[in-house]
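Participant: After the structure tokens below, expect a handful of questions from me.
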Number of protein chains: 2
Amino acid sequence: MNASRTARDRARVELTREIKETARRQLAVEGAQRLSLRAVARELGMVSSALYRYFPSRDDLLTQLIIDAYDGIGGAAEQAAAALPADRPQARWHAQCTAIRAWARANPHEFALVYGTPVPGYEAPEDTVAPASRVPIALLGTLRDADALGLLAGPADELPAGLAAQAAAITEATGVSLPAAVTVRAVIAWSQLSGMISFELFGTFAGTLEPADAFFEAAVARMSDFVGLPPAA
Amino acid sequence: MNASRTARDRARVELTREIKETARRQLAVEGAQRLSLRAVARELGMVSSALYRYFPSRDDLLTQLIIDAYDGIGGAAEQAAAALPADRPQARWHAQCTAIRAWARANPHEFALVYGTPVPGYEAPEDTVAPASRVPIALLGTLRDADALGLLAGPADELPAGLAAQAAAITEATGVSLPAAVTVRAVIAWSQLSGMISFELFGTFAGTLEPADAFFEAAVARMSDFVGLPPAA
DNA sequence: CCTTTTCGAGAGCACCGCTCTCGTCTGAGA
DNA sequence: TCTCAGACGAGAGCGGTGCTCTCGAAAAGG
């Protein structure tokens, strides 16, 4: 029952890993669009058809990279939060947003893979749902911890019934319990964060907000207020 | 000096238009990634090499479609604003945001073309800058008109010098004069809008905020407050 | 009328994802 | 220990892509 019993098994695991790593390197350099199975095979000294013993299609290989990207950016957000105490929620919020942006800037093509235009024929398999949730859960978690400590100024937004129900569904799906109005504002902030990073990475700010550091700092501070966190100590 | 003197000239203009139109139709159906010169040529009953008499490359054809997309979404924002009086800035803001989202939902691939992942080797030519500015200028214009009527509660955000300078540069580039803090908040709202629409179109909300109408309404209202507009009459 | 320019067609190059076949080699059961 | 099914890599090939080059026809302009 060993994880790698025979030589063949070990070789298979090893090669699968190498293929993924080579693909990730090519993705980082060229972008998802130009990621080519043949090029990966060439770099590994094999013929392209041999790759199909390990990944049934290019989309499948891409799915693996998407999962890795979600885990990467989600892990960055989680680590940033864990490095700070729960009673400093504003600092946590700031650290998370900064870590997410830093990860995106360090891995722009991976960011584009998960938050940019989806690949045309591609449909997200079930396996991507959990990794994809890590970032929003991390953000919501910071707010929940702040709320538990009485550090969250809950906004008094009136929500229509439908939206309140959707917020409750999010609470259920994420397991992070928050007032509906806070959940909605948190999702707004999350999409703001993603939009801002997209603008920065995809060149929408070209010629105006470059570098975007000061703008990003300001936006994070505003969003921190927006979701009801207390000002920085 | 007539615009179309000879038969050849007329045919050229006509064919150029037809190629663009066919390409736009394919883009709408298949997405930019799958837009194929050969397929366009096939649909027009010509051979692929003949297209190169009209567009030097696929990227050039794509650039034309990008400009059209910018004009389409920018025009939608402008028309929505023009349909309402300047003394109802909140209604204008709401109408603009709604029009932008509606356009994006009606033309998802075009939206992805301009606000999604950029094409790898692609570099935005100068001709795209002006059309690309129409949306932010329309949004800023609503705030400027409100400000001129004394209807804007200017936020008292403290901005670092560098960011204030960038905001001033935006004012200069767009020709829309606003306090720096408002400009910054407007750009935050703009990126929020784009991020939210991306989430909706690209499937990030799948299974939670679908349909996103109520959420969108709430977000637009929050952003309206955020940029300093008075509540709806 | 004759020359220059423009145009469409066709062949071709290098690439792509993917499929199929065919020897080879491995490893598990008899 | 031997055998045979299954896993494997190589290779050829299919249909597709963007793009280049050449060639003959047609139009425009002198």
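The values are calculated or read from the model by the stated rules, or taken from the named source; none is laboratory data. In this text, all values refer to a predicted model and were calculated from it rather than measured experimentally. Don't worry about glycine lacking a Cβ; one is built from the backbone with ideal geometry, like all the others, and counts go over all protein chains shown. Heavy atoms of the whole protein, side chains included, go into the accessibility calculation; ligands, DNA and RNA do not. Shrake-Rupley method; radii C 1.70, N 1.55, O 1.52, S 1.80 Å.
Participant: Obtain the nm distance between the two label points defined at B:ASP225 and A:THR22 by a simple spin-label model: each point lies 7 Å from its Cα along the Cα-to-C-beta direction.
Facilitator: Placing both labels 7 Å beyond Cα along the Cβ direction yields 5.5 nm.
Participant: Which chain A residue sits with its beta carbon nearest the axis carrying A onto B, and how many Å away is it, rounded to a whole number?
Facilitator: A:GLY195, 1
Participant: Right, next: Mind giving me the FRET efficiency for A:ALA11 and B:ARG53? R0 is 56 Å, r the Cβ-Cβ distance, nearest 0.05 is fine.
Facilitator: On the way: r = 53 Å, r/R0 = 0.95.
E between A:ALA11 and B:ARG53, to the nearest 0.05, is 0.60.
Participant: Pick from A:GLY195, A:GLY75, A:GLY45: which is most flexible by mean-square fluctuation in a GNM of chain A where alpha carbon atoms under 10 Å apart are linked?
Facilitator: In the Gaussian network model the winner is A:GLY45.
Participant: Nearest 10 degrees is fine. How inclined is helix B:89-106 to the longest principal axis of chain B, computing both from alpha carbons?
Facilitator: Once rounded, the angle reads 30 degrees.
Participant: Inside 10 Å of the C-beta atoms of A:32-43, what's the mean count of C-beta atoms belonging to other chains?
Facilitator: Values: counts 3, 8, 2, 1, 0, 0, 0, 0, 0, 0, 0, 0.
Mean number of neighbouring Cβ atoms from other chains: 1.
Participant: Distance between Cα centroids, segment B:206-224 to segment A:11-25: provide it in whole Å.
Facilitator: 41
Participant: Which angle between 0 and 90 degrees, to the nearest 10, do you get for helix B:180-202 versus the longest principal axis of chain B when only C-alpha atoms count?
Facilitator: Roughly 50 degrees between the two axes.
Participant: Right, next: List the distances, in nm to one decimal, from the label point of A:ASP157 to the label points of the same position in every other copy, shortest first, placing each label point 7 Å from Cα along the Cα-to-Cβ direction.
Facilitator: Counterpart label points of A:ASP157 in the remaining copies fall at 1.7 nm.
Participant: Per the Kirkwood treatment, what hydrodynamic radius in Å, one decimal, follows for segment A:59-120 from the mean inverse distance over all distinct Cα pairs?
Facilitator: For segment A:59-120, the Kirkwood estimate is 12.3 Å.
Participant: Which whole-Hz couplings ³J(HN,Hα) result when phi for each residue of segment A:36-42 is put into the Karplus expression 6.51 cos²θ - 1.76 cosθ + 1.60, θ = phi - 60°, listed in order with x for Gly and Pro?
Facilitator: Values, residue by residue: 10, 4, 4, 5, 4, 4, 4 Hz.
Participant: A follow-up question, please. Taking 0.36 nm per residue of sequence separation and subtracting the Cα-Cα distance, how much length would be gained by fully extending the chain between A:ASP157 and A:ASP213, in nm to one decimal?
Facilitator: Values: separation 56, 0.36 × 56 = 20.16 nm, distance 3.06 nm.
Taking A:ASP157 through A:ASP213 to full extension adds about 17.1 nm, to one decimal.
Participant: Further question: Out of every Cα pair in chain A, what percent are spaced more than 27 Å from each other? Could the numbers behind the result be given before it?
Facilitator: On the way: 11900 of 27028 pairs.
Looking at chain A, the distances longer than 27 Å represent 44 percent of pairs.
Participant: Follow-up. What is the dipole size for chain A, taken about its Cα centre, with +1 at each Lys and Arg Cβ and -1 at each Asp and Glu Cβ, in debye to the nearest 20?
Facilitator: Working: 21 positive and 26 negative charges, 177 e Å.
So the dipole magnitude of chain A works out to roughly 860 debye.
Participant: So, one more: How many percent of the accessible area of segment B:1-159 is carbon or sulfur, using a 1.4 Å probe?
Facilitator: Carbon with sulfur: 50 percent of the solvent-accessible area.
Participant: Shifting gears a bit: For the protein assembly as shown, what Kirkwood radius comes out of the mean inverse Cα-Cα distance, in Å? Numbers along the way, then the final one.
Facilitator: Numbers: mean 1/r = 0.0417 Å⁻¹.
Result for the protein assembly as shown stands at 24.0 Å.
Participant: Helix B:161-174 versus the longest principal axis of chain B: what angle, 0 to 90°, nearest 10, using Cα atoms?
Facilitator: The two axes meet at around 50 degrees.
Participant: May I pose another question? Quantify how strongly other chains surround peptide B:160-170 by giving the mean number of their Cβ atoms within 10 Å of each of its Cβ atoms. Intermediate values should be presented prior to the final figure.
Facilitator: Values: counts 5, 1, 4, 8, 1, 1, 8, 5, 0, 3, 4.
That average works out to 4.
Participant: Over every pair of different alpha-carbon atoms in segment A:10-57, take the mean of 1/r and invert it; report that Kirkwood radius in Å. Before the final figure, lay out the partial values.
Facilitator: On the way: mean 1/r = 0.0934 Å⁻¹.
For segment A:10-57, the Kirkwood estimate is 10.7 Å.
Participant: Kindly compute the accessible surface that chains B and A hide from a 1.4 Å probe when together, both sides summed, and give it to the nearest 100 Å². Mind dumping the intermediate values first?
Facilitator: Details: alone 12550 and 12560 Å², together 21470 Å².
When B and A are taken together, about 3600 Å² of accessible area is lost.
Participant: What number, in nm² with one decimal, is the all-direction average of the projected area of the convex hull of the alpha-carbon atoms of segment B:1-115?
Facilitator: Numbers: hull surface 37.2 nm².
Here the figure is 9.3 nm², rounded to one decimal.
Participant: Let me ask something else about it. Mind listing the phi-derived Karplus ³J(HN,Hα) values for segment B:61-74, rounded to whole Hz, using 6.51, -1.76 and 1.60 with θ = phi - 60°, and x for any glycine or proline?
Facilitator: Each residue of segment B:61-74 in turn: 4, 4, 4, 4, 5, 5, 4, 4, 5, 4, 5, x, 6, x Hz.
Participant: Which parts of segment B:177-211, residue by residue, lose 30 Å² or more of accessible area when the rest of the protein chains are there, as against the chain isolated (1.4 Å probe)?
Facilitator: By number: B:VAL187, B:ILE188, B:TRP190, B:SER191, B:GLN192, B:PHE199, B:PHE202, B:THR204, B:THR208, B:LEU209.
Participant: Now for a different question. Choose one answer from A:GLY207, A:GLY74, A:GLY31: the residue with the largest mean-square fluctuation in a GNM of chain A with alpha-carbon springs under 10 Å.
Facilitator: Of A:GLY207, A:GLY74, A:GLY31, the Gaussian network model singles out A:GLY207 as fluctuating most.
Participant: Right, something else. Please identify, among B:ASP145, B:ASP87, B:ASP127, the residue showing maximal mean-square fluctuation in a Gaussian network model of chain B using a 10 angstrom Cα cutoff.
Facilitator: Per the Cα network of chain B with a 10 Å cutoff, B:ASP127 tops the list.
Participant: Report the convex hull volume per residue for segment A:133-190, counting only C-alpha atoms, in Å³.
Facilitator: Numbers: hull volume 4.1 nm³, N = 58.
Roughly 70 Å³ of hull volume per residue.
Participant: Then there is this: Translational diffusion coefficient, Stokes-Einstein: compute it for segment A:149-233 using the Kirkwood radius over C-alpha pairs as Rh, at 20 °C and 1.002 mPa s, and state it as an integer in µm² s⁻¹. Working shown, then result.
Facilitator: Numbers: Rh = 14.4 Å.
Answer from the Stokes-Einstein relation: 148 µm²/s.
Participant: Sort largest first and round to whole Å: the equivalent ellipsoid semi-axes of segment A:72-202, each the square root of five times a Cα gyration tensor eigenvalue. Write out the running numbers ahead of the final one.
Facilitator: Numbers: eigenvalues 120, 74, 35 Å².
With the √(5λ) rule applied to segment A:72-202, the semi-axes are 25, 19, 13 Å.
Participant: So, one more: What ranking do A:21-30, B:183-192 get when scored by the average of other Cβ atoms within 10 Å per residue, highest first?
Facilitator: On the way: A:21-30: 17.1, B:183-192: 25.2.
The most tightly packed comes first, giving B:183-192, A:21-30.
Participant: Work from the charge dipole of the protein assembly as shown (Cβ charges, +1 for Lys and Arg, -1 for Asp and Glu, about the Cα centre) and give the residue of A:ALA81, B:PRO85, A:GLY45 farthest towards its positive end.
Facilitator: Positive-most Cα among the choices belongs to A:GLY45.
Participant: Something else about it: Under the convention of a label 7 Å out along Cα→Cβ, give the distances in nm from A:TYR52 to the same position in every other copy, shortest first.
Facilitator: Label-point distances to the other copies, shortest first: 3.1 nm.
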